[in-house]
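Read the structure below first, then the notes.
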């Protein structure tokens, strides 16, 4: 049996890694910028506690003008970013990446479609089940 989705997921992740390596080696041009969304609650993501409290499930970072010490490893990447003028080191496991995009060239990939879609579906189901519990009192209005 050929696991097409597994092969595709692995290769999309390699595209992301190659983009990070290119940024590390060459920097960014004037227009390029990268939005990276990831799960902050992933076991191998390292963030300061104050960031985890502010973003308990997921977070989007921007790599554009001010980023430092970008390192690309086998299973993760680390980067130093500034949050409210506080330089903060982040270590982000590749398995925690939800999506990334460079709007300047209209390019992006969703890497965690299944997990993200399940979360969206769960939220929709929750809202739908709440609708079922609403009683319409206009049906019982006195004439």
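The values are calculated or read from the model by the stated rules, or taken from the named source; none is laboratory data. Here the structure is a predicted model, which is why all the values come from computation and not from measurement. Every residue, glycine among them, receives a Cβ derived from its backbone with ideal geometry; neighbour counts consider all protein chains shown.
Brief remarks on what is shown
- For segment 42-70, a residue qualifies if it is farther than 23 Å from residue 102 by Cβ, touching a strand residue (DSSP E or B) at 6+ places or on another chain (Cβ under 8 Å), without any contact (Cβ under 8 Å) to a residue 24 or more places away in the chain and surrounded by 13 or more Cβ atoms within 10 Å (Cβ to Cβ), but none of them does.
- Remark: residue 81 falls outside the filter, which requires a residue to be in contact with a strand residue (DSSP E or B) (Cβ under 8 Å, 6 or more places away or on another chain), within 23 Å of residue 110 (Cβ to Cβ), at pLDDT 90 or above and assigned to a strand (DSSP E or B).
- Any chance residue 98 is touching a residue at least 60 places away in the same chain (Cβ under 8 Å), surrounded by 15 or more Cβ atoms within 10 Å (Cβ to Cβ), touching a strand residue (DSSP E or B) at 6+ places or on another chain (Cβ under 8 Å) and assigned to a strand (DSSP E or B): yes
- Within segment 1-38, tally of residues that are surrounded by fewer than 11 Cβ atoms within 10 Å (Cβ to Cβ) and either part of a strand (DSSP E or B) or touching a residue at least 40 places away in the same chain (Cβ under 8 Å) (or both): 1
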